Amino acid sequence: MKLKECISLAAAILNLDGVLSSSSLTDTDKLLIKCANSCLDEIASEYLPLKTEKEVVAKNGQIPYSLLGDAIYDVIGVTKDGAKVKYELMPSFIKVDKDGRYIVRFCTRPPELAPDDDLPLWLHLSPRIVAYGTAAEYLLMTGFYEEAVTWDGRFKDAMARAAYGGGEKRIKLRRWLE
């Protein structure tokens, strides 16, 4: 599935004609692409976190965030030789007790996508859900706040069902004791 499929669905929701139809991008196209990427970022940071790990070397008890990449937003844990170690998050580095090799497990943000890029494999969602989030972002950025709240609600409801197994829950019937 490509990003432009989600953008086309969002354009249909918003009753926008001619989106991504020409070889050059219009201001509306650029805004919708920005909104779709913002939606993917929200999905990754709030619903389906992108977890990764990287082996790094600490010097002077410090692991600079720059060793982990630009898109890091949350550190989940630090291990050394397979055992969890205590760490402290500082403004520009992770503070550990000793120098040496560590494995840092962290969450990262998705890369910015162009319309012809495939959606990431971790995103096992319907394009409709991404279109809801894209439409909500677009309406918010263009000043239609009440409509944005409606579409944001639909997006969040759909994400809650998708992220937490929105299947029907049933409780077994029980007899009343007399």
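Overview of results
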read-out: Count - residues of segment 69-81 that are over 15 Å from residue 96 (Cα atoms) and not in a strand (DSSP E or B); value: 3
read-out: Residue check for residue 95: free of Cβ contacts under 8 Å to residues at least 12 places away in the same chain and open to solvent by 90 Å² or more (accessible area, probe 1.4 Å); value: no
read-out: Answer residue from segment 32-49, given it is small (Gly, Ala, Ser) and in contact with a helix residue (DSSP H, G or I) (Cβ under 7 Å, 6 or more places away or on another chain) and is surrounded by the fewest Cβ atoms within 10 Å (Cβ to Cβ) among those; value: 38
read-out: Some residue of segment 23-31 being open to solvent by 50 Å² or more (accessible area, probe 1.4 Å) and assigned to a strand (DSSP E or B); value: no
read-out: Some residue of segment 22-42 being among the acidic types (Asp, Glu) and in contact with a Pro (Cβ under 7 Å, 6 or more places away or on another chain); value: yes
read-out: Number of the condition not met by residue 68 [criteria: (1) exposed (fewer than 14 other Cβ atoms within 10 Å of the Cβ); (2) more than 16 Å from the chain's Cα centre (by Cα)]; value: (1)
read-out: Sole exception among (1) surrounded by fewer than 17 Cβ atoms within 10 Å (Cβ to Cβ); (2) without any contact (Cβ under 8 Å) to a residue 40 or more places away in the chain; (3) outside any strand (DSSP E or B) for residue 11, by number; value: (1)
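The values are calculated or read from the model by the stated rules, or taken from the named source; none is laboratory data. Quick caveat, the model's predicted, so the values are computed rather than measured. Reconstructed Cβ throughout: ideal geometry from the backbone, glycine too, with neighbour counts over all protein chains shown. With ligands, DNA and RNA removed, areas are computed over all heavy atoms of the protein, side chains included. Shrake-Rupley method; radii C 1.70, N 1.55, O 1.52, S 1.80 Å.
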